[in-house]
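First the structure, in the form of structure tokens, and then the observations on it.
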Amino acid sequence: MEAPGVGRAPGPRPAGPDAEALLTAVALGDQEAFGQLYDLVSGPVLGLVTRVLRDPGQSEEVAQEVLVEVWRSAARFRPDKGSAMTWVLTMAHRRAVDRVRASQARTERESKAALLERTPAYDEVSEQVEARLEGQRVRRCLGALTERQRESVTLAYYRGLTYREVAQLLALPLGTVKTRLRDGLIRLRDCLGVTA
Amino acid sequence: MNDADLHTATGAYVLNALPEEERIRFEHHLRDCAACRQEVAELSATAARLGQAVAAVPPPELKDRVLHHIATVRQEPPPVSGDRFSGRVRRRSLPRLALAACLAAAVAFGGVAVWQHQEAREARSAAQQQAAELAAVLAAPDARVTTGKLSDGGSGTVVVSRAQNRAAFVASGLADPPGDKVYQLWFNDGGRMRAAGTFHPARGATATLLDGDLGKASGMGVTVEPAGGSRQPTTRPVALMDFPART
Ligand SMILES: [Zn+2]
């Protein structure tokens, strides 16, 4: 079984304390540990936020907010509830989604055609070696989903749509979309060997 | 949403795809449903993989900006204990380091309050005044601290200074009260609740000085009340905490 996170992936990152240990040190005010943690999480944070917001300037601003929030609220991290990367990216995704929903009504922002055309958005290539490897794994597993599951999951995660918006966009019943999101993620979990 | 619907909302929940109202309802459900909690943990980790898969290379100046910024941002206080049992409150006095961090956090909360009331001068000076009083309670040499989980998943910290005859309550991760309701604080005078002001949780954490003197209070409580507060609690407390023992 493959461990969650990029921690085990081959890559240029020098060996050092894991993200959980760093985050625990950060919670006690260790700025040097924060610098190391930054190196581990800033790429995924910026990439994810950019994927959702699609505006480079705004994305950097939100990524910065998220990273500062990691520093500020590090004491809330509970290692028994999940990995540090999951904790940070959950926060990053929530921020990005809040921002995209607050910016303006989605109907004004984008047409239905534009939303569908840009989906699936997962096959763009990252410059980072680790991210590229991770991208390949995730892409392979996304390929194991049904097209409908993949569509729903990527619209929700990478575009920040609520399940109600996904249902409206795809002209599907609400319950169907909810089930697809769950089934899609479960299949993805099993394919990636995620154990939480 | 009925119960069956709730169990299937795990996917939408971890994707942040539930509308606000449904998210709150689902989070209530999570407290009572171990199966959903487990699934949410696993699917959150799965969703995070979707995030890692699109990592970008941040510009070097972003790191400079972030490191520069955090040097001026006070952190939330570290948890007092590993207590994870809902409704149970553990008690102890904080080690010196944690108390210092707690004090630092109080100043930062004051900063947040000040910032939020930027538009209103009056509110700003009130916030500054409260921040100062709050800092005084936290800085008191006899300050004692109790932390516990709140019934809705957040955590609460009570700081008591008997020398100053005041108490403060720091809420973290508290959900917004429903509708136009507010949270109300109470002194517990041996079973009789004495009103001690209301507050609305900021996103993140909120520190509030309890109105009035400590007096004979042996503890404090928090309830959800209509805007403006009530004379007596009208709902079940989200928190009921004993003050730390005298030492
Ligand atoms: Zn459930």
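Summing charges over all other residues whose Cβ lies under 14 Å from the Cβ of residue A:185, with Lys and Arg as +1 and Asp and Glu as -1, gives +3. Mean partner shielding of peptide B:14-26, defined as the number of other chain Cβ atoms within 10 Å of each residue Cβ, is 6. Between amide H atoms placed 1.01 Å from N, distances below 5 Å from residue B:197 occur with B:185, B:211, all of them 5 or more places distant or on a separate chain. Phi-derived couplings, Karplus 6.51 cos²θ - 1.76 cosθ + 1.60 at θ = phi - 60°, listed residue by residue for the range B:182-188: 10, 8, 10, 9, 9, 7, 9 Hz, with x used for Gly and Pro. The share of C-alpha pairs in the range B:144-242 whose separation exceeds 20 Å stands at 27 percent. Label-to-label distance, residue B:7 versus residue B:163, with points set 7 angstrom from Cα along the beta-carbon direction: 5.7 nm. Over what distance in Å are the Cα centres of the range B:194-244 and the range A:37-72 separated? First find each Cα centre; the distance between them is then 36 Å.
Neighbouring Cβ atoms from other chains, within 10 Å of the Cβ of residues in A:140-153, number 1 on average.
Using a Cα-Cα cut-off of under 30 Å, which lysines could be cross-linked to residue B:63, ignoring same-chain neighbours fewer than 8 residues away? Those lysines meeting the cut-off are A:81. Counting Lys +1, Arg +1, Asp -1, Glu -1, what net charge surrounds residue A:62 among other residues with beta carbon under 12 Å of its beta carbon? Net local charge, residue A:62 excluded: -1. For the range A:147-172 versus the range B:6-29, the spacing of their alpha-carbon centroids is 15 Å.
Figure legend: label point modelled 7 angstrom from the Cα of residue A:58 along Cα→Cβ; residues of the range A:148-165 with amide N under 16 Å from it are A:158-162. Here residue B:69 sits with roughly 70 square angstrom of accessible surface, probe radius 1.4 Å.
Short-range pairs are left out: with C-alpha atoms under 8 Å and at least six residues apart, the relative contact order of the range B:1-80 is 28 percent.
The values are calculated or read from the model by the stated rules, or taken from the named source; none is laboratory data. Only a predicted model underlies this, so the values are computations on that prediction, with no experimental measurement involved. All Cβ positions, even for glycine, are placed from backbone atoms using ideal geometry, and neighbour counts span all protein chains on display. Just the protein is used for accessible areas: all its heavy atoms, side chains included, with ligands, DNA and RNA removed. Shrake-Rupley method; radii C 1.70, N 1.55, O 1.52, S 1.80 Å.
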